[in-house]
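Notes to accompany the following structure.
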Amino acid sequence: MVTDAATFGERFEFIRLKDLSRDAAYEALAGPAETLGVTWHHSAIEAVLEKAHGYPHFLQLWAHAAWEAAGSPHPGGMITLGAVEASEDEVHDQLDVFYRTRWGKATPAERELLRAVAQQTSPTPRRADVAATLGKPTTAISMARRSLMYKGILDSPGRGLLSFTAPGFSDYILEHEGTED
């Protein structure tokens, strides 16, 4: 995409971003708050870590919503589990938009592939298993797979494997089966 948008884009170094480790996610939540003299209650930070799965954007959504629910605390303030719980509806609404946007980018053939990936029991199913679920050879899903990877919706964490780039997208697809159009 960069090479299409900018001359000399092929000279950029691309670094694949992964979900944050538990320690890095903890620091991403606690560090900025501590800089402002605000602390997170242990149960609050644990709840956000569990909900965000290390995904940086989800950490931002939860942290921002909890911060606001805590009344934008001043130095000496604390973000509590109650603030995290109070922010759940707001965050779930934002996550719904996030997932719906990704789903909306997919063509009918890509949606068929996304459904098949979501139906697998492994978070990183084999491409052959996904194709078998569709009753197709692996070559028949190549174009849709490549397009979904280009759109940043699917990833290939290893040879012959597939995964969603955002945690929870599989659940979203399965929960909205038949209602997405």
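Please specify each residue of the stretch 128-161 satisfying the condition of being of a type in the set (Gly, Ala, Ser) and in a helix (DSSP H, G or I).
Result: Ala128, Ala131, Ala132, Ala140, Ser142, Ala144, Ser147.
Just checking, how many residues over the stretch 128-153 are closer than 26 Å to Leu61 by Cβ and without any contact (Cβ under 8 Å) to a residue 40 or more places away in the chain?
Residues in the stretch 128-153 being closer than 26 Å to Leu61 by Cβ and without any contact (Cβ under 8 Å) to a residue 40 or more places away in the chain: 2 in total.
Keeping to the stretch 31-68, report how many residues are farther than 22 Å from Pro167 by Cβ, surrounded by 18 or more Cβ atoms within 10 Å (Cβ to Cβ) and under 24 Å from the mean Cα position of the chain (by Cα).
Selection size over the stretch 31-68: 1.
Do we find a residue being modelled with pLDDT of 95 or more, part of a helix (DSSP H, G or I) and farther than 30 Å from Ala140 by Cα anywhere in the stretch 102-113?
Scanning the stretch 102-113 turns up no residue that is modelled with pLDDT of 95 or more, part of a helix (DSSP H, G or I) and farther than 30 Å from Ala140 by Cα.
Do we find that Ala166 is under 29 Å from His92 (Cα atoms), in a helix (DSSP H, G or I) and open to solvent by less than 30 Å² (accessible area, probe 1.4 Å) in this structure?
no
Considering only the stretch 138-163, state which residues are of a type in the set (S, T, N, Q) and crowded, with 17+ Cβ neighbours inside 10 Å.
Answer for the stretch 138-163, where residues must be of a type in the set (S, T, N, Q) and crowded, with 17+ Cβ neighbours inside 10 Å: Ser147, Ser163.
Among the residues of the stretch 133-141, are any at pLDDT below 95, touching a Ser or Thr at 6+ places or on another chain (Cβ under 9 Å) and over 25 Å from Lys51 (Cβ atoms)?
No, the stretch 133-141 has no match at all.
Can you list the helices (runs of 4 or more DSSP H) lying wholly within the stretch 1-79 that have 1 or more residues being modelled with pLDDT under 95 and over 25 Å from Gln94 (Cα atoms)?
The qualifying helices (runs of 4 or more DSSP H) are 2-5.
Only residues that are crowded, with 16+ Cβ neighbours inside 10 Å and either of a type in the set (Ser, Thr, Tyr) or more than 17 Å from Glu177 (Cβ to Cβ) (or both): list them for the stretch 108-131, please.
Of everything in the stretch 108-131, those that are crowded, with 16+ Cβ neighbours inside 10 Å and either of a type in the set (Ser, Thr, Tyr) or more than 17 Å from Glu177 (Cβ to Cβ) (or both) turn out to be Pro125, Arg126, Arg127, Asp129, Ala131.
The values are calculated or read from the model by the stated rules, or taken from the named source; none is laboratory data. Because the structure is a prediction, the values reported are computed rather than measured. Reconstructed Cβ throughout: ideal geometry from the backbone, glycine too, with neighbour counts over all protein chains shown. These accessible areas exclude ligands, DNA and RNA; they are computed on the full protein's heavy atoms, side chains included. Shrake-Rupley method; radii C 1.70, N 1.55, O 1.52, S 1.80 Å.
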